[in-house]
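Colleague: Let me give you the structure first, and then I'll get to my questions.
The values are calculated or read from the model by the stated rules, or taken from the named source; none is laboratory data. Everything numeric in this text was worked out from a predicted model, so none of it was measured. All Cβ positions, glycine included, derive from the backbone under ideal geometry; neighbour counts span all protein chains shown. To get the accessible areas, we keep the full protein, side chains included, count just its heavy atoms, and leave off ligands, DNA and RNA. Shrake-Rupley method; radii C 1.70, N 1.55, O 1.52, S 1.80 Å.
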Amino acid sequence: MSRLSNQKRKLIYLKELLLEYTDENHPITMKEIIKQLNAKGISAERKSLYDDLEALRVLGTDVRCVKRKTTGYYVANRDFELSELKLLVDAVTASKFIPRKNGNELIKKLTNLAGVYDRPSLNRQVFVSNKNLSLENDLFATIDVLHESIEKDTDVRFRYFGWTVRKEKEFRRNGAFYNVSPWSLVWDDNNYYLIGFDTEKGEIRHFRVDKMTDIAYTETKRSGKEQFEKFDIQSYSDAVFGMFGGKMEKVTLRCAKRLANVMLDRFGSNTVILNDGETFRITVNVIPGPVFWGWVLSFGKEIEIISPESIKNSLEEFKNENFR
């Protein structure tokens, strides 16, 4: 093997060695570095290694020297701090929409970004409530197709399903394919959604990404551009997610003062609050329906719908039908 090739290998292995086996509390001596490189079939001398360590510093690896009983070397700042990796691992573990298989693969990759001494602390114990059913389809592959279709300005086709009481897939439209123009992906209420234009129905709709399967590109150019040019994704998300689809309407609510935090969490920090003393009023976009009625009623007398009158009447009808 040529000297140049050997030098290239040496730099790669040296960087891997430092990232894998060193941190501030575990520096490695020059003697140990030489031993580890020799085990890889790479000869190294102290003088050349000093140059190699400096080369790694110049290239962006934060190699530092510490002098204790012996002189040692370690990588200080990494691309991800341990606390950041813990946060990411927790987020993946706690996510309801990431299938277990995909989640385990992603956590393994995140864990490998830490050194061997920090990896045990990434074995996190996170409680996940209401974890979605395990999925057969590859969520990440679905997301890749959606992103690429948006970039290529083309439609996608897929089948869409829900779950039966027996925890079996039940395909919508009797298993027929949906043809949708994808425009945006939104992570909301611990679920991942596609917001797109349904060409058949001629309207903007949202779909749970984890319930899409058999997805594929099409050659059809996306439609719905005019609708999305004046579309407010944040308002749509605040109004729709967690509720059934339907026509969005403005609703004014009078709420007990203690619910300010609840309302801002639900409808966003930009929501305008009008203080009435012991109560306050907000006007928000919602999709009226059973989920919205149930949400309002769960607060008892602490929430009152002020307007419009049609929404107030619909709420009363829902109460009479379900809470006699």
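Colleague: Could you check how many residues of the range 11-31 are of a type in the set (Lys, Arg) and either under 34 Å from the mean Cα position of the chain (by Cα) or at pLDDT below 90 (or both)?
Modeller: Of all residues in the range 11-31, those of a type in the set (Lys, Arg) come to 15, 31.
Those left that are additionally either under 34 Å from the mean Cα position of the chain (by Cα) or at pLDDT below 90 (or both): 15.
Looking only at that region, the number is 1.
Colleague: Shifting gears a bit: Identify all residues within the range 108-167 that are at pLDDT 80 or above, open to solvent by 40 Å² or more (accessible area, probe 1.4 Å) and over 30 Å from residue 224 (Cβ atoms); write none if there are none.
Modeller: Listed by number, the residues that qualify are 108, 109, 112, 113, 116, 117, 118, 119, 120, 121.
Colleague: Quick check, is residue 39 in contact (Cβ under 8 Å) with a residue 24 or more places away in the chain and small (Gly, Ala, Ser)? Before you say what the answer is, go through the steps one by one.
Modeller: Details: in contact (Cβ under 8 Å) with a residue 24 or more places away in the chain: no; small (Gly, Ala, Ser): yes.
In short, no.
Colleague: Can I ask one more? Out of everything in the range 259-284 that is in a loop (DSSP other than H, G, I, E, B) and of a type in the set (Gly, Ala, Ser), what residue ends up being most open to solvent (accessible area, probe 1.4 Å)? Step through it out loud before you land on a result.
Modeller: Keep residues of the range 259-284 that are in a loop (DSSP other than H, G, I, E, B), which gives 268-273, 276-278.
Applying the additional criterion that residues be of a type in the set (Gly, Ala, Ser) yields 268-269, 277.
Details: 268: 21, 269: 104, 277: 34 Å².
Restricting to residues being in a loop (DSSP other than H, G, I, E, B) and of a type in the set (Gly, Ala, Ser), the top hit is 269.
Colleague: Kindly evaluate residue 265 against the criterion of being without any contact (Cβ under 8 Å) to a residue 24 or more places away in the chain and under 30 Å from residue 163 (Cα atoms).
Modeller: Numbers: without any contact (Cβ under 8 Å) to a residue 24 or more places away in the chain: yes; under 30 Å from residue 163 (Cα atoms): yes.
So residue 265 passes the test.
Colleague: Another question, if that's okay. Could you tell me whether residue 230 is more than 19 Å from residue 285 (Cβ to Cβ), out of contact with any Pro (no Cβ under 7 Å at 6 or more places or on another chain) and open to solvent by 40 Å² or more (accessible area, probe 1.4 Å)?
Modeller: Numbers: more than 19 Å from residue 285 (Cβ to Cβ): no; out of contact with any Pro (no Cβ under 7 Å at 6 or more places or on another chain): yes; open to solvent by 40 Å² or more (accessible area, probe 1.4 Å): yes.
Criteria not met by residue 230.
Colleague: Of the residues that sit in the range 285-324 and are over 24 Å from residue 236 (Cα atoms) and charged (D, E, K, R), which one is most open to solvent (accessible area, probe 1.4 Å)?
Modeller: This residue is 324.
Colleague: For the range 183-221, which positions are open to solvent by 40 Å² or more (accessible area, probe 1.4 Å), more than 19 Å from the chain's Cα centre (by Cα) and in contact (Cβ under 8 Å) with a residue 40 or more places away in the chain?
Modeller: 199, 205, 214, 217, 219, 220, 221, listed by residue number.
Colleague: Any residue in the range 248-262 that is modelled with pLDDT of 85 or more, of a type in the set (Gly, Ala, Ser) and farther than 29 Å from residue 193 by Cα?
Modeller: yes
Colleague: Scan the range 61-80 and give yes if some residue there is surrounded by fewer than 17 Cβ atoms within 10 Å (Cβ to Cβ) and under 30 Å from residue 141 (Cα atoms), otherwise no.
Modeller: yes
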